[in-house]
1. Restricting attention to segment 155-174, which residues are farther than 16 Å from residue 16 by Cα and surrounded by 19 or more Cβ atoms within 10 Å (Cβ to Cβ)?
2. Quick one: would you say residue 183 is outside any helix (DSSP H, G or I), out of contact with any strand residue (DSSP E or B) (no Cβ under 7 Å at 6 or more places or on another chain), modelled with pLDDT of 95 or more and surrounded by 17 or more Cβ atoms within 10 Å (Cβ to Cβ)?
3. Being touching a helix residue (DSSP H, G or I) at 6+ places or on another chain (Cβ under 7 Å) and outside any helix (DSSP H, G or I) is the filter here, so list the residues in segment 35-48 that pass it.
4. For segment 101-131, which positions are at pLDDT 75 or above, touching a helix residue (DSSP H, G or I) at 6+ places or on another chain (Cβ under 8 Å) and in a loop (DSSP other than H, G, I, E, B)?
5. Out of 50, 58, report the one residue that is touching a residue at least 60 places away in the same chain (Cβ under 8 Å) and either surrounded by 23 or more Cβ atoms within 10 Å (Cβ to Cβ) or closer than 19 Å to residue 18 by Cβ (or both).
6. Answer yes or no as to whether residue 23 is part of a helix (DSSP H, G or I), at pLDDT 95 or above and crowded, with 19+ Cβ neighbours inside 10 Å.
7. Residue by residue through segment 195-211, note down the ones that are crowded, with 18+ Cβ neighbours inside 10 Å and either under 23 Å from the mean Cα position of the chain (by Cα) or assigned to a loop (DSSP other than H, G, I, E, B) (or both).
8. Kindly list, by first and then second residue, each pair from a residue in segment 131-146 that is within 9 Å of residue 40 (Cβ to Cβ) to a residue that is surrounded by 21 or more Cβ atoms within 10 Å (Cβ to Cβ), limited to pairs with Cβ atoms under 6 Å and residues at least 6 apart or on different chains.
């Protein structure tokens with residue numbers, strides 16, 4: 001059994017799964033450095049940056065990624081005026097080399113129940129980066145990719161154990177954090193049923209483990225919050 005934490009993002013495994021998804025954001029940002037400047041492109045760039053700030057703030061300390069980020073911002077600079085003033089300020093701060101300071105801010109705007117289930121809340125959310133319709137659409141696209149990945153992981157052939165599930169739940173964490181986005185309640189209930197079945201199967205074979213039991217309490221809390229979030 002690997003190293004376990006009680007929260008959903010405590011331990012290396014869930015973070016690895018989170019970063020497997022946020023790699024998509026970094027690739028999109030790199031592509032935007034070669035995309036014709038437009039109001040749509042700059043809005044999508046803002047959303048990708050906003051998601052990275054919240055879900056993978058360490059990206060803003062990555063010396064290999066930062067030149068690609070700067071190139072994307074410079075490419076889209078002529079359309080900065082299409083964005084709200086606060087969004088333009090965030091872009092200027094990043095270009096001035098202050099991206100790491102932005103990423104290091106304490107998380108805010110996260111439901112206390114989510115924070116408790118996660119163990120911590122990852123990074124700081126900049127709501128203004130998701131205000132343009134194209135930015136909101138990009139956030140929903142990213143959520144859709146996370147849904148697809150979660151489906152694939154939980155429905156893969158062969159046995160799935162709690163050690164596997166610890167990592168997979170990292171993807172579910174992203175769906176709790178992404179705003180705005182919509183996720184089917186039917187899917188959430190299906191994932192919950194699958195997760196409970198994995199937990200019960202392992203208990204029957206190996207008996208209860210106190211750390212895993214606490215982890216599952218946080219998983220249940222996360223599912224309750226998700227059902228509430230996506231039912232409104």
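1. Once the filter is applied, which keeps residues that are farther than 16 Å from residue 16 by Cα and surrounded by 19 or more Cβ atoms within 10 Å (Cβ to Cβ), segment 155-174 yields only 160.
2. Considered against the rule, which asks whether it is outside any helix (DSSP H, G or I), out of contact with any strand residue (DSSP E or B) (no Cβ under 7 Å at 6 or more places or on another chain), modelled with pLDDT of 95 or more and surrounded by 17 or more Cβ atoms within 10 Å (Cβ to Cβ), residue 183 comes out as yes.
3. If the condition is that a residue be touching a helix residue (DSSP H, G or I) at 6+ places or on another chain (Cβ under 7 Å) and outside any helix (DSSP H, G or I), then 35, 37, 38 are the ones that fit.
4. Of everything in segment 101-131, those that are at pLDDT 75 or above, touching a helix residue (DSSP H, G or I) at 6+ places or on another chain (Cβ under 8 Å) and in a loop (DSSP other than H, G, I, E, B) turn out to be 104, 107, 122, 123, 124, 125, 126, 131.
5. 50
6. Judged against the criteria, residue 23 is not a match.
7. The answer is 195, and nothing else.
8. Close Cβ pairs satisfying both conditions: 132/43; 134/43; 134/44.
The values are calculated or read from the model by the stated rules, or taken from the named source; none is laboratory data. The structure presented is a predicted model; accordingly, all values stated were derived computationally and were not measured. A quick note on method: Cβ atoms are made from the backbone with ideal geometry, for glycine too, and the neighbour counts reach across all protein chains shown.
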